[in-house]
There are 2 protein chains.
Amino acid sequence: MPELRSAFFISDRTGITAESLGQTLLTQFDSLAFKRETIPFIDTVEKAQALAERLHKVAEEDHLKPLVFTSIINPAVRRALHIDDAIMVDFFDAFIGQLEQELGQQASLTVGKAHGMVNEAQYDHRIEAVNFSLNHDDGIKLKDLDEADVILVGVSRSGKTPTCLYLALQYGIRAANYPLTPDDLSSPTLPKMLLPFRNKIFGLTIDPARLHHIRSERKPDSKYASLDNCRREVNEAESIFRHHAISFISTTHKSIEEIASTIMHKATLNRRF
Amino acid sequence: MPELRSAFFISDRTGITAESLGQTLLTQFDSLAFKRETIPFIDTVEKAQALAERLHKVAEEDHLKPLVFTSIINPAVRRALHIDDAIMVDFFDAFIGQLEQELGQQASLTVGKAHGMVNEAQYDHRIEAVNFSLNHDDGIKLKDLDEADVILVGVSRSGKTPTCLYLALQYGIRAANYPLTPDDLSSPTLPKMLLPFRNKIFGLTIDPARLHHIRSERKPDSKYASLDNCRREVNEAESIFRHHAISFISTTHKSIEEIASTIMHKATLNRRF
């Protein structure tokens, strides 16, 4: 008998919702190990039947019922997928009846709108936010900072760039970023050019030991990466944030999703699409 | 009575799972309109009680029960949130019992692992993928293309850059991109420098009218943006893909999520974290 149970995240579109749902549930059973696979675009009865046969085989080979997390909407496709020797966690099935009853409406059974392209204007807006973040990475174009929804400020390698890109992709937020250089840090206040934008600045900080580790990967044995220098830069950056009463968070023990959603929440930003 | 029903996506961490889940369900009722709000980080009984009071007030003001999609894990916090005059769609409650029974294990009730930071090595890997994509945007550093997991090729503004960044952030994939310039397009074959990487190239194409629209926003009335030129470039790019039997997809009616997950699937790439 194998040690691993198979877990499938199956969707009629991207698989993002089924995966997100399934992963959250699986993290609750962290003493167990799972073989995970995401299978998107199961949107016909034929594809579902072929997949059901594969699931049968997995159940036989594993001597364990596979876990099947599914967000398929079309009832015929869902029926074709359901097999007895799998543990079916059917997201749509579980809630749609309750919602139909409460809302007094039939579900439209339209596939894939959640991560589909709702309309071109929204798509354009999102791409624009990504381009904005790319163009304003590391303070390149200060003169346009008044168009930013938020400006992330922190020392080099504190997590600004990936957070900006995530804010743009996930929320359509125009996020610029400004790296505090050693020059900037020698003053107790923000660089002058940032002062007019004080109200949309959000600070990022990081544990100096972690920063030392990250910078050492990039420039080993440099002054830039030394633990002493990292400590000093982080202290000075935090002093500047406190001086201006700028909210800041530590990125040390957070994923990009957590950093971004914390900023959305604390800076009371609204999703742009 | 207002026309809009309030819908809340409530989470003990980022809100990403609750939002993804709730939005998918709401798209099934597209004749109804909703006021949507995401509320992350409800991780104490006190915060849940305060929010429950707010939900009460919303129910009274709207004269309609608000919809509450929640993925809160801690049972005490969930109980504090549940109120009678809301429609509670409790993601955790619906499935965890079934899973506990089938897996023969109690849920660990640990909060926030799905979008939390699993470990530093994984975080580093993801940041590295983002940096890789940024450094290889628009073919800047060809000499390192052998480190790429996938290379997206297409005409200017066909969607390469946001797709690369999404692949990096969502899947930890090292995605490079190469823009086919008018020079490249005058030849029926791929640029020579790309030939050694033929097996990891994936093509993006786009409807010429849509491309014309996108390019016109950037450079109105230019030859670059003209419909004729867009038609010719798209035709030539698709000929090159066919010549080398390179898989390609149209980005015209797809969201970034759909483009990225289609590439993951068709290029049989595996998530890197």
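The values are calculated or read from the model by the stated rules, or taken from the named source; none is laboratory data. Not measured: the values here are computed from a predicted model. A quick note on method: Cβ atoms are made from the backbone with ideal geometry, for glycine too, and the neighbour counts reach across all protein chains shown.
So here's what we get for this one:
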quantity	calculated
Residue match in region B:258-271 (condition: touching a residue at least 12 places away in the same chain (Cβ under 8 Å), surrounded by fewer than 16 Cβ atoms within 10 Å (Cβ to Cβ), within 12 Å of chain A (Cβ to nearest Cβ) and in contact with a helix residue (DSSP H, G or I) (Cβ under 6 Å, 6 or more places away or on another chain))	yes
Test result for B:Arg5, facing chain A (nearest Cβ under 9 Å) and over 26 Å from the mean Cα position of the chain (by Cα)	yes
Condition met for A:Ala7 (among the small types (Gly, Ala, Ser) and closer than 22 Å to A:Arg79 by Cβ)	yes
Criterion (assigned by TED's automatic domain parsing to the domain that holds A:Ile16, touching a strand residue (DSSP E or B) at 6+ places or on another chain (Cβ under 6 Å) and modelled with pLDDT of 95 or more) met by exactly one of A:Val89, A:Val58	A:Val58
Residue count, region A:111-127 (criterion: within 19 Å of B:Glu19 (Cα to Cα), surrounded by fewer than 15 Cβ atoms within 10 Å (Cβ to Cβ) and modelled with pLDDT of 70 or more)	1
Residue among A:Phe34, A:Phe41 that is farther than 24 Å from B:Tyr166 by Cα, modelled with pLDDT under 95 and aromatic (Phe, Trp, Tyr)	A:Phe34
Counted residues, region B:16-57 - those being in a loop (DSSP other than H, G, I, E, B) and over 15 Å from B:Asp90 (Cβ atoms)	11
Any hit, region B:22-31, residues being surrounded by 19 or more Cβ atoms within 10 Å (Cβ to Cβ), among the aromatic types (Phe, Trp, Tyr), at the interface with another protein chain (Cβ under 7 Å from one of its Cβ atoms) and more than 21 Å from the chain's Cα centre (by Cα)	yes
Scope region B:237-256; condition touching a helix residue (DSSP H, G or I) at 6+ places or on another chain (Cβ under 8 Å) and over 19 Å from B:Ile214 (Cα atoms); matching residues	B:Ile240, B:His244, B:Ile246, B:Ser247, B:Phe248
Selection count where residues are under 26 Å from A:Ser261 (Cα atoms) and surrounded by fewer than 12 Cβ atoms within 10 Å (Cβ to Cβ), scope region A:172-200	3
Scope region B:58-92; condition among the hydroxyl-bearing types (Ser, Thr, Tyr) and outside any loop (DSSP other than H, G, I, E, B); matching residues	B:Thr70
In region B:208-232, the residues that are surrounded by 15 or more Cβ atoms within 10 Å (Cβ to Cβ) and either closer than 23 Å to B:Glu258 by Cβ or within 14 Å of another protein chain (Cβ to nearest Cβ) (or both)	B:Pro208, B:Arg210, B:Leu211, B:His212, B:His213, B:Ile214, B:Arg215, B:Ser216, B:Cys230
Residue in region A:158-186 that is farthest from the other protein chains (Cβ to nearest Cβ), counting only those that are under 18 Å from A:Leu145 (Cβ atoms) and hydrophobic (A, V, I, L, M, F, W, C)	A:Leu180
Pick from region A:128-148, criterion of a type in the set (Gly, Ala, Ser) and modelled with pLDDT of 80 or more, ranking: surrounded by the fewest Cβ atoms within 10 Å (Cβ to Cβ)	A:Ala148
Complete set of residues in region A:20-38 that are in contact (Cβ under 8 Å) with a residue 40 or more places away in the chain and either of a type outside the set (A, V, I, L, M, F, W, C) or over 18 Å from B:Ile96 (Cβ atoms) (or both)	A:Gly22
Tally, over region B:245-270, of residues that are assigned to a loop (DSSP other than H, G, I, E, B) and hydrophobic (A, V, I, L, M, F, W, C)	4
Test: B:Glu238 is closer than 12 Å to B:Gly154 by Cα and of a type in the set (D, E, K, R)	yes
Residues of region A:56-76 that turn out to be crowded, with 22+ Cβ neighbours inside 10 Å and more than 10 Å from chain B (Cβ to nearest Cβ), as a count	4
Filtered residue count, region B:148-164, keeping only those that are in contact (Cβ under 8 Å) with a residue 40 or more places away in the chain, within 18 Å of A:Asn131 (Cα to Cα) and under 19 Å from the mean Cα position of the chain (by Cα)	7
Meets criteria (surrounded by fewer than 20 Cβ atoms within 10 Å (Cβ to Cβ), more than 8 Å from chain A (Cβ to nearest Cβ) and touching a Phe, Trp or Tyr at 6+ places or on another chain (Cβ under 8 Å)) for B:Lys35	no
